[in-house]
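Peer 1: A single structure is presented below for examination.
The values are calculated or read from the model by the stated rules, or taken from the named source; none is laboratory data. The model shown is predicted, which means the values in this text are computed figures rather than measured ones. Cβ atoms come from the backbone with ideal geometry, glycine included; neighbour counts cover every protein chain shown. When the accessible area is computed, the model is the full protein with side chains, heavy atoms only, and any ligands, DNA or RNA have been set aside. Shrake-Rupley method; radii C 1.70, N 1.55, O 1.52, S 1.80 Å.
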Amino acid sequence: FLFLAFVAVDLLRLDESLFLLLNGLAQWFPATMWAHITLFGDALVALVLLTPFALRFPLMIWAAFLAVPIAGIVTRALKNAIDMPRPPGYFEPEQIHLLGHPYFQHSFPSGHTLTAFTIAAILVFAIPHHERKRLLIGLALLVGISRVMVGIHWPTDVLAGAAVGWLCGWLSVSLAERWPWGTGVVAQKIQLSMLGVASIALFFHQSGYSSLVLLQPVMAATGLIYSLKHLRTLAGKPAQ
């Protein structure tokens with residue numbers, strides 16, 4: 001569906017008109033709302049947010065770690081190969097509603113959307129009986145929409161990011177199931193230590209949105225607390 005939507009928007013040349021329509025609607029909402037929503041597509045934030053569930057769903061965490069290089073390489077390769085200008089590099093400043101730093105190049109695909117759908121796919125495939133699958137996908141879609149609302153991505157960037165992110169998530173879970181090393185005690189300790197470091201890094205991470213002065217450190221503190229708590233729980237367990 002995502003691929004078909006991308007093809008339709010691209011072939012019908014609806015990218016500009018859809019962007020202006022959606023981005024124009026952003027001014028009807030509080031500016032901080034879209035900044036807060038778009039933060040959840042930040043790769044560092046997404047990884048830290050999984051920390052509280054590390055012991056309960058070890059396969060999910062292992063798949064997320066495998067997804068980091070997979071999604072990172074795919075994103076960078078596509079951005080370099082298809083060097084599309086971002087909306088701020090295409091429209092005049094007065095034509096768009098822009099929040100945050102005005103990036104101008106490497107628009108395709110949306111990295112935040114790709115990250116959000118990678119995580120959503122990991123949760124769906126790694127936890128098949130999860131009761132909130134539709135909610136997770138809806139939240140990922142909202143992150144994608146927020147990239148248009150803050151004025152930094154085209155609709156086709158979002159659709160491509162969603163499709164590629166879903167594929168990356170599925171691939172990561174498949175690899176995690178075939179190579180379950182990451183679900184062992186030693187591997188979990190390593191991953192939790194890395195999540196702790198990631199949480200500390202999040203305190204100093206520049207998201208590009210000044211309105212996130214409270215939410216970001218709260219996320220970082222939560223991730224750090226849970227990583228230390230889980231490490232303490234695992235301290236007495238023998239290596240498998």
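Peer 1: Work out Dmax and Rg for the range 191-231 from the C-alpha atoms and quote the Rg first, both in angstrom.
Peer 2: 10.6, 33
Peer 1: Only Cα pairs within less than 10 Å get springs; with that Gaussian network setup on the chain, which residue of Leu215, Leu167, Leu98 has the largest fluctuation?
Peer 2: Evaluated over the chain, the most mobile residue of the options is Leu215.
Peer 1: Separate question: Can you give me the three principal axis dimensions of the chain from its C-alpha atoms, in Å, biggest first?
Peer 2: Per principal axis, max minus min of the Cα coordinates gives 61, 37, 34 Å.
Peer 1: Is any residue of the range 84-122 close enough, with backbone N under 19 Å, to a label point placed 7 angstrom from the Cα of Gln27 along the Cα-Cβ axis, and if so, which?
Peer 2: Only 87-102 pass the distance filter.
Peer 1: Here's a follow-up. Out of the total accessible area of the chain (probe 1.4 Å, heavy atoms of protein only), what percent is carbon and sulfur?
Peer 2: Here carbon and sulfur together make up 69 percent of the probe-accessible area.
Peer 1: If I ignore ligands, DNA and RNA and count only protein heavy atoms, how much of Tyr226 is accessible to a 1.4 Å probe, in Å² to the nearest 10?
Peer 2: Answer for Tyr226: close to 80 Å² accessible.
Peer 1: So, one more: How high is the FRET efficiency between Arg76 and Lys133 when r is their beta carbon distance and R₀ equals 51 Å, given to the nearest 0.05?
Peer 2: FRET efficiency, Arg76 to Lys133: 0.95.
Peer 1: May I pose another question? Comparing Met33, Met60, Met149, which has the greatest mean-square fluctuation in the GNM of the chain with Cα pairs linked when under 10 Å apart?
Peer 2: Met33
Peer 1: Counting only the backbone N, which residues of the range 78-117 are under 13 Å from the spot 7 Å out from the Cα of Glu16 toward its beta-carbon?
Peer 2: What the label zone holds, given the 13 Å backbone N cut-off, is 87, 90-92.
Peer 1: Can you give the accessible area of Thr32 in Å² (nearest 10), computed on protein heavy atoms with a 1.4 Å probe?
Peer 2: Accessible area of Thr32: about 70 Å².
Peer 1: So what is the relative contact order of the chain, in percent, for Cα pairs below 8 Å that sit 6 or more residues apart?
Peer 2: Relative contact order here is 29 percent.
Peer 1: Among Ala26, Ala140, Ala64, determine the one that fluctuates most according to a GNM of the chain built with springs between C-alpha atoms less than 10 Å apart.
Peer 2: In the Gaussian network model the winner is Ala26.
Peer 1: Shifting gears a bit: Summing Lys, Arg as +1 and Asp, Glu as -1, what charge do residues with Cβ under 14 Å from the Cβ of Ala35 carry, Ala35 excluded?
Peer 2: Once all neighbours under 14 Å are counted, the net charge is 0.
Peer 1: Another question about this same structure. How many angstrom lie between the C-alpha centres of the range 161-195 and the range 63-113?
Peer 2: Taking the Cα centre of each part, the range 161-195 and the range 63-113 sit 24 Å apart.
Peer 1: Roughly speaking, what is the stretch gain from Trp179 to Ala221, that is 0.36 nm per residue apart minus the C-alpha to C-alpha distance, in nm to one decimal?
Peer 2: That pair, Trp179 and Ala221, stretches by 12.0 nm at full extension.
Peer 1: Order these peptides, 191-202, 155-166, by their mean beta-carbon neighbour count within 10 angstrom, highest first. Before the final figure, lay out each step's value.
Peer 2: Values: 191-202: 18.8, 155-166: 26.4.
By packing density, highest mean first, the sequence is 155-166, 191-202.
Peer 1: Working with all protein chains in place, sort Ile73, Ile145 by solvent-accessible area computed with a 1.4 Å probe, largest first.
Peer 2: Ile73, Ile145
Peer 1: What whole-number value in Å² describes the accessible area per residue of the range 100-240 for a 1.4 Å probe? Could the numbers behind the result be given before it?
Peer 2: Details: 6970 Å² over 141 residues.
Roughly 49 Å² per residue, with all protein chains present.
Peer 1: Which FRET efficiency, nearest 0.05, do Glu92 and Val197 yield, Cβ-Cβ r, R0 45 Å?
Peer 2: With R0 = 45 Å, the Cβ-Cβ based efficiency is 0.60.
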